[in-house]
Amino acid sequence: MTTVDQLAHRFGIVLDPDSVSGGLSGSAVRRGTRADGTPAVVKIRFAESGFDRVAAERELTFYRELAGDLGIKTPELLAHHQSDDCVAILLSAPGTIRPAPDWTHDHWLALAGDLAALHETPVPDGGLWRHAPDGEVPGSDPDRWRSYWDRPGEAELFAPIFDDPGALTAAVRAQPFCFNHGDCHTDNILITEAGLVWADWQVAGFGRPAGELAFAAGRAAPSGATPPLAEIIKLYADRRGLDAAELARSVLAAELSTALFAWPAYAGYNSSAGIDRVHGRAVDLARRWLTEV
Ligand SMILES: Nc1ncnc2c1ncn2[C@@H]1O[C@H](COP(=O)(O)OP(=O)(O)OP(=O)(O)O)[C@@H](O)[C@H]1O
Ligand SMILES: [Mg+2]
């Protein structure tokens, strides 16, 4: 059985004693220092098979085969290890993670520019890349959505959307598939003087542009951060030669769909203030969806 200490030895790093961090997804991520004094991160996924193993293999494949060709910055893959019981990667550790409320306007616009570059890059389809659900309502459980949204006014406001969730899906599909990061939120993006550095490629694959843009905004909502979404969409659309108004409608549909149908399953991970913010956001988005054309 492989151990974290064995891997650190093999990778030639000294682990920081106070850096134990198990990611939500179940990987162990540890900070350490290389022989030349530079910081590094070891990410280890103990899994013999199944979803977790595929995710770890996908991330390793990403760094080995794709990371250099995407027009955005990623950590550097310094070493890796694959055995029956685990997949481990040693990555450079530039910059810092900042929570969404600490992101500046310029950081959000950098995210828009980087996503445009990423989404413009043609990537051949292959067995390991993930395919986001397309045409299905994510987390599809009508009883759950209808019972979750029970604050005053919500059931009435959301009823036409619950009766026709396919209208949201159709709007999200207005732009063609592209290669997505797949988990685009501020905990996965390092901020450096030279720009953003994108980490955590475990669920990279094909999805809709609007889904990725909406996810970035939606994941920030519980924190109270207010990304300049209209400007993000405008900059992104300009870079990709897309119609900004049509894209804005698609992003609205994607964010609303994710909030109403998928978010209830994750509500329990949030503070009560965060939950309140998402209720407020869902109501705003639904009003816009139902009144703006
Ligand atoms: N190369 C890196 N340099 C610096 N910090 C990193 C690096 N990679 C990851 N981290 C830090 O470790 C955290 C967890 O790493 P990562 O997101 O890759 O793993 P994860 O298992 O997917 O975690 P989660 O499920 O929380 O997203 C990141 O949110 C980030 O704070
Ligand atoms: Mg992560």
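The values are calculated or read from the model by the stated rules, or taken from the named source; none is laboratory data. A quick note: this is a predicted structure, and the numbers were derived from the prediction, not measured. In this analysis, Cβ positions are derived from the backbone assuming ideal geometry, glycine residues included, and neighbour counts consider all displayed protein chains.
Brief remarks on what is shown
- Helices (runs of 4 or more DSSP H) enclosed by the stretch 224-293 - at least 2 residues per element that are within 20 Å of residue 176 (Cβ to Cβ): 229-240, 244-257
- Filter pass, residue 203 being touching a residue at least 60 places away in the same chain (Cβ under 8 Å), within 23 Å of residue 123 (Cβ to Cβ), of a type in the set (A, V, I, L, M, F, W, C) and assigned to a strand (DSSP E or B): no
- Within the stretch 108-154, being touching a residue at least 60 places away in the same chain (Cβ under 8 Å), out of contact with any helix residue (DSSP H, G or I) (no Cβ under 9 Å at 6 or more places or on another chain), surrounded by fewer than 16 Cβ atoms within 10 Å (Cβ to Cβ) and not acidic (Asp, Glu) holds for one residue alone: 131.
- The set of residues in the stretch 184-213 being over 12 Å from the mean Cα position of the chain (by Cα) and farther than 12 Å from residue 119 by Cα consists of 190, 191, 192, 193, 194, 195, 196, 197.
- Strands (runs of 3 or more DSSP E) enclosed by the stretch 1-96 - at least 1 residues per element that are in contact with a Pro (Cβ under 8 Å, 6 or more places away or on another chain) and under 19 Å from residue 204 (Cα atoms): 86-92
- Test result for residue 179, aromatic (Phe, Trp, Tyr) and modelled with pLDDT of 95 or more: yes
- When 47, 56 are checked against the criterion of being more than 23 Å from residue 114 (Cα to Cα), under 20 Å from the mean Cα position of the chain (by Cα) and not assigned by TED's automatic domain parsing to the domain that holds residue 115, a single residue qualifies: 56.
- Residue in the stretch 63-76 that is among the aliphatic types (A, V, I, L, M) and touching a helix residue (DSSP H, G or I) at 6+ places or on another chain (Cβ under 6 Å) present: yes
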